[in-house]
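Colleague: Please find one structure pasted underneath; my questions will follow.
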Amino acid sequence: MDRQRETTQLKLSALEVERILRAQDADAALLYLYLCSTGQVMELSAAAKSLGKNEGQIAEIAGKLRAIGAFPASANALPQPEELPEYDLDAIAARGSEDAVFRSLIHEAQRMLGHLLSASELRTLFGIYDHLGLPPEVILLLLNHCAQVYAARYGEGRRPTMRAVEREAFAWVNREIMTLELAEDYISRQDKRERGIEQLRTALGLVGRALSPTEKRYLSEWLDLGYSPEAIELAYDRTVSNTGSLKWKYMDSIIRSWNAKGLLTVEEILQKDKRGCSDAVVAKRDGRTEPDDYQARLDRMIEHYKQDKR
């Protein structure tokens, strides 16, 4: 340990101490102090080695801290192994008999799936509740969100599997979506992204087939950067004008260059990036067949954009 680490004082607030005591778990307290002392992202292996545990035990202890809202703000979440423990069915049944909250989750999961849970499905649901530490109200929202996604993607009547729910649960935990407010915000942003992707499918002529994983990744990343579908259409126009076809890497370089320059809105791009739109698009928007003076065209396009926003 270096000299600076030796002399560093670790300060905990009264609230933090209360949360640690509430856990009633010495290992959870040790992991909390370990994370506070490092103040950085730590691998499971490093935490396990420092605390004399295996990686599975560290992940389980971290889940307890998350469940009571005691994960230190100075440290990012430890990565979760993408699998749940193997639970004994008798232990789950005993827990269900005394835990009314878990029983309600079983009923909701069965309603969503449309059948009684199998042994495997019951183990998965209990793992999400017990191991991942998602609060009950967040699990309810997770179940309904998965059901809505599958219905929208595959048609009414199609239901997700518990395996799909498990994957989404891990995604939420790894994103630190541990409260109802954060879950609702995440779903809202996901819905907005999906609407943007559908709008771009039409604008980019990607209809009549499913998007490839690479295509969807590009569109999602651009929308996540804050670009509207209209701004992305400008990048598409410039790509086709300069290359003759849709080239994803070229289009991505355009959008990344805008992002590096701090250009986000359509108006900013039209004003500060003179290559942001082709002559043909400007002429078409102005009801002409031939382009004319660039600055005059640019001024007209900005004015059209302002009118559309009113």
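We did not get these values from a lab; they are worked out from the coordinates using the rules stated. Just so we're clear, the structure is a prediction, and the values are computed from it rather than from any experiment. Don't worry about glycine lacking a Cβ; one is built from the backbone with ideal geometry, like all the others, and counts go over all protein chains shown.
Colleague: Which whole-Hz ³J(HN,Hα) couplings does segment 102-107 yield from phi under the Karplus relation 6.51 cos²θ - 1.76 cosθ + 1.60, θ = phi - 60°, glycine and proline marked x?
Modeller: 5, 4, 5, 5, 4, 4
Colleague: Here's another thing I want to ask about it. Mind checking the dipole of segment 85-189: about its Cα centre, +1 per Lys or Arg Cβ, -1 per Asp or Glu Cβ, Debye to the nearest 20? Before the final figure, lay out each step's value.
Modeller: Values: 11 positive and 16 negative charges, 101 e Å.
Roughly 480 debye, rounded to the nearest 20.
Colleague: Go through 117-126, 184-193 and give me the packing order, highest mean Cβ count within 10 Å leading. Write out the running numbers ahead of the final one.
Modeller: Values: 117-126: 17.8, 184-193: 13.4.
So the order, starting with the most tightly packed, is 117-126, 184-193.
Colleague: Kindly write out, for segment 175-182 in residue order, the coupling ³J(HN,Hα) from the Karplus curve 6.51 cos²θ - 1.76 cosθ + 1.60 (θ = phi - 60°), rounded to whole Hz, with x marking Gly and Pro.
Modeller: 8, 6, 8, 10, 10, 4, 4, 5
Colleague: How do 243-253, 213-223 rank on mean C-beta neighbours within 10 Å, highest first? Provide the component values of the computation, followed by the final result.
Modeller: Values: 243-253: 12.6, 213-223: 16.4.
My ranking of the peptides, most packed first, is 213-223, 243-253.
Colleague: Could you give me the ³J(HN,Hα) list for segment 91-100, computed from phi with Karplus coefficients 6.51, -1.76, 1.60 and θ = phi - 60°, whole Hz, x at Gly and Pro?
Modeller: 5, 5, 4, 5, 5, x, 5, 10, 10, 5
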